[in-house]
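Colleague: There's a structure below that I have some questions on.
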Amino acid sequence: MQSSEVPRVVVGVDGSPSSYAALRWADRYARGIGGAVEAVCVWDTPSSRGWSGPAIDPEFDLGQARERFTQELHAVFPDGPPAGLTEHLVEGDPSEVLIRASEGAALLVVGRRGRGGFARAVLGSVSQRCAQHAACPVVVVRQEDDPAR
């Protein structure tokens, strides 16, 4: 990163309380270092595997993913997103997308457990993969006691 570049703080957002906490943390941190936040929401067409192969939910599409991401950002920032926040809605595997997004970033911020986490897991599979493979330092944020904060 050149000295004239604004530090990028990438944060994964998946609608879980811990990802909301991660987004708030990333915003505070970026403001403190004069950086910019890149909120990354990864979506995939919901499917299930059965004996006949994957069954794709035809009712879910990019428009719904975009609407859900907008609602999630509004839940965290009810008065509107902070200046300089950029939004990236990407289809794919969450850990792979976030690891790619970490290239050239000053920091990657993820929630401790996302929407698909096992109750007993200390780290979710995405946060664990990011911590092991990201191209920059990673901060794993736990859910806040009050999700409305």
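Colleague: Please go through the range 16-42 and give me each residue that is under 12 Å from GLY84 (Cα atoms) and not in a helix (DSSP H, G or I), ordered by number. So that I can check it myself, show each step before the final result.
Modeller: Here is the first cut: in the range 16-42, the residues under 12 Å from GLY84 (Cα atoms) are 27, 30-31, 34-39.
Across the range 16-42, the qualifying residues are GLY34, GLY35, ALA36, VAL37, GLU38, ALA39.
Colleague: Here is a follow-up. Would you point out the residue of the range 43-91, among those that are open to solvent by 70 Å² or more (accessible area, probe 1.4 Å) and in a helix (DSSP H, G or I), that is modelled with the lowest pLDDT?
Modeller: Checking each candidate, the answer is LEU62.
The values are calculated or read from the model by the stated rules, or taken from the named source; none is laboratory data. Remember, it's a predicted structure, so these values are computed and weren't measured experimentally. Areas reflect the complete protein model, heavy atoms only, side chains present, ligands, DNA and RNA absent. Shrake-Rupley method; radii C 1.70, N 1.55, O 1.52, S 1.80 Å.
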